[in-house]
Amino acid sequence: MFGFIVVFIFILFFVLMIVVKDKNRLLKIIKVFLIFILGGLVIAGGGSIVSGMLETFQGKMDAAQALLQIIMGFLFIAVGGIPLYLYFISRAVDIRKLERRKKKYPDAPWMWVDHWSTKSIAYSGKGPISFGWFVLLVMTASLGAVSYVNRGKILSKLEGSGFEVIAFYSVFCLILLVGFYTLISLLRGYLKFGKSIFEMSTYPGIIGDKLVGRIQTHMREIPEKGFDLELECGLIDLTSQAGRQLRNPEMTKRIWDANKNVRLQEVSLGPAGVSIPVSFSISAGVPESDAWSPDKRIKWTLSAFASVKGAQYLSQFDVPVFNTRQKT
């Protein structure tokens, strides 16, 4: 019965895609269909987890199969739940907030975004670390589950030449080791040095002029090689190959960047720890920050990096850069 309902909804969707000519109605149909698909993945994932646990407790499924089914359930929930929240729940709230701020600050677009509304920009690089851990843990769990389920075949191959099995596991484990080492180093730096703040002296950063300020850290030791700073302007295309209606974030395209090393002698101690001076000249003609266009994002990112006794300090700040006069 459930399968029949799913097939019927898919057929209905494709019929409506052909019949409906009004663009706005068609977009609403696509939106409803995507919500149905993503919500269905979340429900299917939850059902897979519950079913695997129940059948294991009842002795109908061995532990290895249950583990694999539970992992697949979590993957289904992640694949369906994350875009469902980001694009249909969180996005709707953000759009309403953006419209209110546009009316309140029509000539100050940097005030339209929460983390740009003050001169203090908080560290924004925690996301890549969290995502990296998620990917590595899923890879490790999947490898363990698949290996356990197919242990008989793997052992029989090892009794022969076993070259393919050894080569596969060697490469896979090497990738995991490099990934874990990098993430542990970054995580140690984040836990050791805490959350940094970029205090802007020019507010916002000005195209054709400068971005100036100081990064206030919780570091107590100044790295011998100083800090490597980078200011990058990147374009994120939100259009898919199928067309503008189906948004699909692609890889960031670098438009402009500048790098510099802040030497040991230039660094000072701030209220909480090491204070890193920042000063970049921004070329004229580069695009302004854009966090609201339907088809693209223009993101200016300030990054600071240093190595300190086995830990890596990394902080990234999404900074506002506009073609305007400095605001006080």
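Things worth noting here:
- Set of lysines with alpha-carbon distance to Lys225 below 19 Å, sequence-local pairs under 8 removed: Lys192, Lys260, Lys309
- Estimated FRET transfer efficiency (Asp94, Leu34; beta-carbon r; R0 22 Å; 0.05): 0.80
- Long-range amide H partners of Ser196 with built H, under 5 Å: Tyr123
- Dipole magnitude for the range 195-322: computed about the Cα centre from +1 point charges on Lys and Arg Cβ and -1 point charges on Asp and Glu Cβ, it is near 180 debye.
- For Lys253, the aspartates and glutamates whose Cα comes closer than 13 Å to its Cα, not counting residues fewer than 8 places off in the same chain, are Glu232, Asp237.
- Structure note, pairs Lys102/Lys210; Lys31/Lys195; Lys21/Lys97: Cα-Cα distances above 30 angstrom occur for Lys31/Lys195; Lys21/Lys97.
- The range 195-322: relative contact order as a whole-number percent, Cα under 8 Å and 6+ apart: 33 percent
Any read-out appearing in this document is the output of simple, stated calculations on the displayed coordinates, not a laboratory observation. Here the structure is a predicted model, which is why all the values come from computation and not from measurement. Neighbour counts run over all protein chains shown; Cβ positions are idealised from the backbone, glycine included.
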